[in-house]
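Chemist: After the structure tokens below, expect a handful of questions from me.
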Ligand code: SF4
Ligand code: SF4
């Protein structure tokens, strides 16, 4: 009888304890900001293009060889709107082979790839987890919004911005030279009056 009551007490205590598990996949626990999910490509909203130049460094360092990338000439550089001479043309990661090691993020010099919060990728088909450039950029944009992502250092000026900076600085120098000349003129004694 006593042991029965004890058992009932344990059951009641257990029933009143706050829940520590959820009924996945119906419910989801919140994800920590530092959680490392699958890699995703970041989006440069100032230049309206990806940060990735397709330099292939991450592809070479990936221990599972699950990435591939191809670069192309950047039209925006030719037009003067971007500092990136080359830009990514195609990018693919086979997420079924990714071991979430984060090496690709560590070796990238351009802030172009991040470990996103994406982690639910179970698929029935063998190749369904191969993700392409548009999908990787969508994952990246979502992650950037979630963590209010900022690039580690400002981008260099584009050719158009450089030309604008040069024009502004030349205009400033010219106006300084003008005002200096005007000041000198106003400070100089009037030679006609001196002679009289
Ligand atoms: S993600 Fe970074 S390292 Fe990889 S190809 Fe793009 S720029 Fe290069
Ligand atoms: S996290 Fe590791 S395994 Fe996955 S793509 Fe990057 S380097 Fe490759």
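The values are calculated or read from the model by the stated rules, or taken from the named source; none is laboratory data. Computed from a predicted structure; not experimentally measured. As a convention, Cβ positions derive from the backbone with ideal geometry for all residues, glycine included, and neighbour counts pool all protein chains shown.
Chemist: Being within 12 Å of ligand 2 (Cβ to nearest atom), surrounded by 12 or more Cβ atoms within 10 Å (Cβ to Cβ) and over 16 Å from residue 42 (Cα atoms) is the requirement here; does residue 98 meet it?
Modeler: yes
Chemist: For segment 35-65, how many residues meet the condition of being closer than 20 Å to residue 107 by Cβ and more than 12 Å from the chain's Cα centre (by Cα)?
Modeler: 16
Chemist: Within segment 43-91, can you find the residues that are farther than 17 Å from residue 161 by Cβ, touching a residue at least 40 places away in the same chain (Cβ under 8 Å) and out of contact with any strand residue (DSSP E or B) (no Cβ under 8 Å at 6 or more places or on another chain)?
Modeler: Hits for segment 43-91 are 57, 61, 62, 63.
Chemist: Right, something else. Taking the conditions exactly as written (in contact with a helix residue (DSSP H, G or I) (Cβ under 9 Å, 6 or more places away or on another chain), modelled with pLDDT of 95 or more and either near ligand 1 (Cβ under 10 Å from one of its atoms) or assigned to a loop (DSSP other than H, G, I, E, B) (or both)), does residue 58 satisfy them or not?
Modeler: yes
Chemist: Give me the helices (runs of 4 or more DSSP H) completely within segment 87-196, filtered to those with at least 2 residues that are more than 12 Å from residue 39 (Cα to Cα), ordered by residue number.
Modeler: Once the helices (runs of 4 or more DSSP H) in segment 87-196 are filtered for at least 2 residues that are more than 12 Å from residue 39 (Cα to Cα), what remains is 133-146, 159-187, 191-195.
Chemist: Might you check whether a residue that is over 15 Å from the mean Cα position of the chain (by Cα), within 11 Å of ligand 1 (Cβ to nearest atom) and surrounded by fewer than 18 Cβ atoms within 10 Å (Cβ to Cβ) occurs anywhere in segment 66-77?
Modeler: Yes, that holds for at least one residue.
Chemist: Select, from 116, 90, the only residue that is exposed (fewer than 14 other Cβ atoms within 10 Å of the Cβ) and within 15 Å of ligand 1 (Cβ to nearest atom).
Modeler: Exactly one of 116, 90 is exposed (fewer than 14 other Cβ atoms within 10 Å of the Cβ) and within 15 Å of ligand 1 (Cβ to nearest atom), namely 90.
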